[in-house]
Structures are given as structure tokens and as C-alpha cells.
């Protein structure tokens, strides 16, 4: 991907008088072209035509196995009726494997298929009577070996009152609704699938006082334009200044808020846009600060282990603790430094991350790099249990703060993690180069601070040695308090299984649940004679230790009733606070973290 490319946004209103029930011929023959029909959106089916020119005997087409999330999701499972034609003649198409079809032909090959999608969320694709949100990799095949060749995309057959928005590279990838046009400088497949598309009824506006231009598209309700404008403007202005300029000409926030976000949540970064789903605008600032900083960290300051993109299999990297976790660090820095958060909110967030990390027994053996490698296991519920894994988001965010403090301490607060990010941006992103996972991060930090970080990276990034919170936080005039807290515990874990309901995954030995006869594999039918809680562990946190729980379960085609008391567990909460007795240097470092400033002793 040409990571230095600028951006063009095409917005074409469906109210233009055009031929909506048929596609017009494309103006050139060099590019692979996609024509997508949204006829009868209530059926949730995209009708896709893929035109492959100049086939010389054989062509192989594939559907990606993954995109956006680090999960193998096999988008081919959504396909129906795959056919191939040359002119009006149907030709044989051979299914090779779950992703791949082979076509023997000469000339322009036309591949046609249907793709069913009705899944909300920024990582998915949805077509219904209200709108279409499209991650293009989920509906568009590619010709093997042609991912770097130019493509063109057109849509048709949708309601006249709908409009469209997407951030697309100015190398020429145009979404065209009236006359599909293929330019000589068309974008590549890789670039196209990194630009999600919203089609439907929505409101849009440009952020105030931000340059280059940033457009906000909102589909949904439960939001205030003034609030979104003010918060996103602050976030974007700060981060652009921090990184010494924007790597785009135009950028797009695709927001789904309120009912439009029902069933989906979170955010997904792209080269020149982000898609965010949130139940209300009050949650937008945190997600927006994270996703916008991805413009630099991961989309341009990018680990070599993720390049080039291979859509057919997992791509393993040790760098997600930095690409995602340190992006979390900068989301919290941004909120504090722009005044969206007060400093107590910053401390509370850091406290929450430390509490979450230390509550997971896996923290004793899984390193930040190992957590990054294992990202592909996150779709399995057992992997996400506290005994099995830690989050590279959480551990990476904490490591980012600790590394920042160490850099500031060693340099007498003359340098910071901000300088590391700018160095990486200058030496890798702006040079169109990719960095060597943790190796180049360490080397850059050492260059900035003027000393070795070998022990830090070996023990705390590559290794799982206990993080020295107290010692490092003290260098920033901060203290860490441990607060014990007793709460109820179920004594078992359970998760939802499609078609089966709530299934018991494991039962703790010697727990009241085990003594009552609960077994792993039991299917829970009733919970205290009522409906099943959506999140059993959260339900338990709201109960008192010793309270009774009555379960109706199915085991081996039999229904059983089990009754037992909730257990008790003592948790440790961590609380970050300012040290009122901190020395002058530590206070300067603390203020530097909060304000994003560097200043040596005695300087003005």
C-alpha cells in the first residue's frame, strides 16, 4: 500500500436523475471492475459482478479469509451462486478450496455472485432497509496476483433518497453511481478494501477549525452535533500538532450512534478514515482518540510483520502491544491534554488498566509480545479467560506510560515517548518503510533517551516479569495503592454457544457449584427461575457472597435443578495517586505526562 497517498472523498447524491436499474458500461478496459447491486436491500444480499480483462487462458479468484479483525472469518461462507461468463456464454468455474475458484478462459471474464450480509459493527458488513455499511473485502473477490493492480467500483439499484460516503485514495478509486468510470490512475484492491463505505440516509459536517479537512458522517440517533464537533476537533487538532502534520488531505469519521449501533460496538481504523459504532455520543471521545491516532501508529508507523497483506491466512506479529496498546496510551494522553478529561480521570483510567492486568493470572507467564502473537486466538471464548491470556491493549497501554516515564527521567524531562513516535514517523512512515516489531521501537527509544532499554524490553515486553509499577511511577511523582475488596463469585465460568444457550465451560474445584454437582458442558436453561443474565460474571459482581443461586440445567437430555451459595473472592484494586512529597524533577515529569510537554530543570 502506498502509505503516503493523499485522499479524495467522492460524494454523489442518489437524487441525481440516473438509470438505477442497470449498470452503464465502464469507460476503460485495463482495470478489474466491480459492479454491485443493492436491489431489495431488505433481503441483505449484495449482487456482485467482477469484470476481469485480458485473461490469457486461466485466472484464479479468491475471497479473503480475514480483514480488519485479527480473526479468520472466511467471508466465502456468505457467498451464493458463483458463476463465470465470457460474453453471454457461461463457462466452467472450478472450486479449489474454501476461498478459491479457478477459471479457464480467454478475454474478459465476468464473475457473478451474491453475498449475504446483515451484521452490524465496524468490523463487519450490513445491508438492510435503512442503510448499507460495507467493508469491501467482505463482499469483493480479487484475482490472485492482482492485488496491487488498479480497480474500479460502482454501485446501483438503491433508493433515490440514499447518499454515499467513503474515504478513497486519489490514485483513482471512485465510487460512481450514475456513470461508472475507470481512470488510468485507479486505486489497487488493497487500497480499496481499506476504505469502508456508508450508503443510506445520514447527516454530515466538517469539523470546525481543523486542517486538512475532516468530515463526520453520522447514521443514527442519541447524539449532539456541537458536542461531537467540539470533542473530535480538539482530538484531531492535538494529534496532528503532536505528530507534526497530517498524513492526509481529507479524512472521514463514519459514525453509527444509538439504535444504528445496536448489536455492534467499537471502532476500526483505516488509512484515511475510521468506522465507529457506539450506543451514545458520550462514549465517542475515547474511541475517536484511539482510532484517529492509528493514522500514524499501525497504518503508517507499521510493523514489517504485517506487510504485505496476505488475505488467505494469519499474519503473526509481536508488535500489537505497541500498535494497539501504545495507541491506547495516546488516546488517554490526548483526552487529558485536551481537557476532555481532568487529571483524576487519567489516573482512574491508568488505575483501571493496572487492576485489569494484575487480576489476570496469565500475566505471570504471557508476555506482551506473546499476547500480540496470540491475537488470532481471541475469537475463542476459552482463550479470553483470565487464566489463559492478557490483553495487548491493556499491557501495551501500561508499558507505554512506564516507558514514557523512564525516557523523561533519563533525559531530565528533555525527551519523551512523544519524541519516539515522531522519530518512528519520520524514519519509517514518511520513508515508506516498515519497522522490525519491537526491535526498532527499542532502538528508537534508546536513540531518543541516550541509553539502553535492553533490560526493559527483555523483561517486560518480551518477558513476563512483574512490572515495576511503584518504582517507575515514583519517578513521575505518583504512588500506587492496593485496595482489597471482597465480592461474590460463581465458582464456574459459562459462555453463550450459538444454538445451545449458556454453556458451563469450567467449574472450580472445591467451589459450592462443584459440590452441588455442576459439570462442565451443562447447558443452563433457567437462572433463579428466570431469564439467563447476559454476562454471568457481571451479575455475580452485583450480588453478596453467600447468596443462593438456583440453576435449571440440561445434561445428557435430562433436566436437573441445582442450588448452591455464591462463593467469595478477595480482589485487589490498584489506585494511582499523586505523591504530595514528590521531588521537583518528579513533579516536572508528572506535569509533562499530563500536558505533553518536555522541560529540563531551570529552563523557561
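Quick look at the values:
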quantity: Calculated P(r) tail over 18 Å for segment 234-280, as whole % of Cα pairs; calculated: 41 percent
quantity: For segment 357-402, alpha-carbon Rg over 2.2 N^0.38 Å; calculated: 1.05
quantity: Segment 203-295 - convex hull of the alpha-carbon atoms, volume per residue in Å³; calculated: 75 Å³
quantity: Relative contact order, percent, the chain [alpha-carbon distance under 8 Å, six or more residues apart]; calculated: 11 percent
quantity: Expected-Rg normalisation [2.2 N^0.38 Å, Cα atoms] applied to segment 376-446; calculated: 1.41
quantity: Sites residue 535 and residue 481 - FRET efficiency at Förster radius 30 Å, r taken between beta-carbons, to 0.05; calculated: 0.60
quantity: Segment 22-146: C-alpha pair distances exceeding 17 Å, %; calculated: 57 percent
quantity: Descending principal axes extents, segment 451-604, alpha-carbon based, whole Å; calculated: 77, 32, 27
quantity: Rounded if a/c under 1.5, otherwise prolate or oblate - segment 401-478, Cα gyration tensor axes; calculated: oblate
quantity: Segment 491-565 - percent relative contact order, Cα under 8 Å, separation 6 or more; calculated: 26 percent
quantity: Cα-based shape type of segment 310-400, given that a ≥ b ≥ c are square roots of the gyration tensor eigenvalues and the cut on a/c is 1.5; calculated: oblate
quantity: Order of 60, 317 under a 10 Å beta carbon neighbour criterion, fewest first; calculated: 60, 317
quantity: Relative contact order %, segment 320-468, counting alpha carbon pairs below 8 Å whose residues are six or more apart; calculated: 29 percent
quantity: Mean residue ellipticity (222 nm) of the chain, computed from DSSP H runs ≥ 4 via -39,500 (n - 2.57), nearest 500; calculated: -6500 deg cm²/dmol
quantity: Convex hull volume per residue for the chain, taking Cα atoms only, in Å³; calculated: 170 Å³
quantity: Label-point separation, residue 221 to residue 58 (7 Å along Cα→Cβ), nm; calculated: 5.6 nm
quantity: Average silhouette area of segment 491-565, convex hull of alpha-carbon atoms, in square nanometres; calculated: 4.6 nm²
quantity: Cα-based helix-to-principal-axis angle, 584-595 vs the chain, degrees rounded to 10; calculated: 30 degrees
quantity: Å³ per residue enclosed by the Cα convex hull of segment 320-468; calculated: 121 Å³
quantity: Gyration tensor (alpha-carbon) shape descriptor, segment 242-389, a/c threshold 1.5; calculated: rounded
quantity: Residues 572, 252, sorted so that the one with the fewest Cβ neighbours within 10 Å comes first; calculated: 572, 252
quantity: Cβ-based exposure ranking for 334, 106, in which fewest neighbours within 10 Å come first; calculated: 106, 334
quantity: Order by protection proxy (mean Cβ within 10 Å, highest first), peptides 31-37, 592-598, 565-571; calculated: 31-37, 592-598, 565-571
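Only the coordinates and a few stated rules stand behind these numbers; no lab work does. From a predicted model like this one, the values you see are computed outputs, not experimental measurements. A quick note on method: Cβ atoms are made from the backbone with ideal geometry, for glycine too, and the neighbour counts reach across all protein chains shown.
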